Every structure is written in C-alpha cells, then in structure tokens.
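For reference, the structure discussed in these notes is given below.
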Amino acid sequence: MPLTGLLITAIMTFIISGISTAMALGLSVMALGAWPIAWVIAFLVILLVMPCVQSLASRRVAPP
C-alpha cells in the first residue's frame with residue numbers, strides 16, 4: 001500500500017500542481033520548488049484516507 005500511495009501521489013501532484021501553476025503563473029523554477037511540498041501533503045493524506053476508501057469500496061463491490 002505505501003508504494004502504491006507513493007506512486008499515485010507523485011503522479012497526481014505532478015499533474016495537478018503542474019497544470020494549475022502553469023495556468024496561473026507560467027512555468028518557472030518556483031513552480032518546481034512547490035511540487036515537493038504538495039507531494040508530501042498528498043502522500044500523507046493518501047496514507048490516512050486509503051484504508052477508509054478501500055473499506056467503503058469493498059462494501060459496495062460484491063466479491064467475485
């Protein structure tokens with residue numbers, strides 16, 4: 001689970017932060033410096049939220 005969360009948050013924050021920063025400020029060195037902060041926050045959130053989401057999803061999906 002932590003490796004999945006690591007990869008998901010890395011991709012998610014890179015895309016979301018990149019698009020929103022490029023739209024607001026254009027591409028810059030400052031934007032690249034802000035990405036690691038966004039990634040750390042997203043990674044911690046995914047580690048806290050993923051077990052709850054998996055539990056809710058398993059209740060809604062019938063076993064094969």
Quick one: in segment 30-47, of everything that is more than 12 Å from the chain's Cα centre (by Cα) and open to solvent by 60 Å² or more (accessible area, probe 1.4 Å), which residue is nearest to Leu3 (Cα to Cα)? Leu32
Lone qualifier among Leu6, Leu27 - being of a type outside the set (Lys, Arg) and either open to solvent by less than 80 Å² (accessible area, probe 1.4 Å) or in contact with a strand residue (DSSP E or B) (Cβ under 6 Å, 6 or more places away or on another chain) (or both): Leu6
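The values are calculated or read from the model by the stated rules, or taken from the named source; none is laboratory data. Keep in mind that what you see is a predicted model, and the values were worked out from it rather than measured. Reconstructed Cβ throughout: ideal geometry from the backbone, glycine too, with neighbour counts over all protein chains shown. Please note that ligands, DNA and RNA were not included when accessible areas were found on the heavy atoms of the full protein model with its side chains. Shrake-Rupley method; radii C 1.70, N 1.55, O 1.52, S 1.80 Å.
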